[in-house]
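Undergrad: Mind having a look at this structure? Questions to follow.
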Amino acid sequence: MEARRLTDQQSVSLEQVQERFGKWRSNRNGRPRIPESLWEAAAYLYPAYCLNRIARSLGLDYTKLKQRVAQRRPEPCRPAAQFIDLGFIGSRPECGLTIEIHHRNGTLSVQGAGTRELMKLARLFSKCS
């Protein structure tokens, strides 16, 4: 029985893929190759689950799973954030405040800027995702 194919948008749990492997293994005759759709389902579990856990849970060869994950088409990269010129902020800070904004694309640290400028920076930095 061929398992249905997954798309990038579908989210699947390890338990669901385990169930699909279990059904396939119980219905196979002899030692046929694992269907491509099951390999694809296993590969899409990464990085939500570590490769070792996926391989152990599904009874797969770790090295083959790692190769399958590496063969997946990379997700489209977002363009890197560009320099944003805010103009001259001033030579004296309004207060001795340091603001750090953490984002998956990096960290922005600003010291001694005014509140209005900090809010503008925060909005621009959050849009770079």
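Undergrad: Looking at the range 34-66, which of its residues are surrounded by fewer than 12 Cβ atoms within 10 Å (Cβ to Cβ) and either out of contact with any helix residue (DSSP H, G or I) (no Cβ under 9 Å at 6 or more places or on another chain) or among the polar types (S, T, N, Q) (or both)?
TA: Across the range 34-66, the qualifying residues are Cys50, Asn52, Thr63.
Undergrad: Shifting gears a bit: In this structure, does Ala55 turn out to be at pLDDT 90 or above and under 30 Å from Gly106 (Cβ atoms)?
TA: no
Undergrad: Name the residues in the range 20-51 that are among the small types (Gly, Ala, Ser) and not in a helix (DSSP H, G or I), would you?
TA: Result: Gly30, Ala48.
Undergrad: Another one. What residue, among those in the range 9-44 that are of a type in the set (Val, Ile, Thr) and in contact with a Leu (Cβ under 7 Å, 6 or more places away or on another chain), is nearest to Asp61 (Cα to Cα)? I'd like the intermediate steps shown before the answer.
TA: Here is the first cut: in the range 9-44, the residues of a type in the set (Val, Ile, Thr) are 12, 17, 34.
If we keep only those that are in contact with a Leu (Cβ under 7 Å, 6 or more places away or on another chain) as well, we get 12, 17.
Working: Val12: 20, Val17: 16 Å.
Among them, the one singled out is Val17.
Undergrad: For the range 37-64, give me each residue that is farther than 18 Å from Glu19 by Cβ and over 16 Å from the mean Cα position of the chain (by Cα).
TA: Asn52, Asp61, Tyr62, Thr63, Lys64
The values are calculated or read from the model by the stated rules, or taken from the named source; none is laboratory data. Note that the structure is predicted; figures quoted are calculated from it, not measured. Methodologically, a virtual Cβ is constructed for each residue, glycine included, from the backbone with ideal geometry; neighbour enumeration extends over all protein chains shown.
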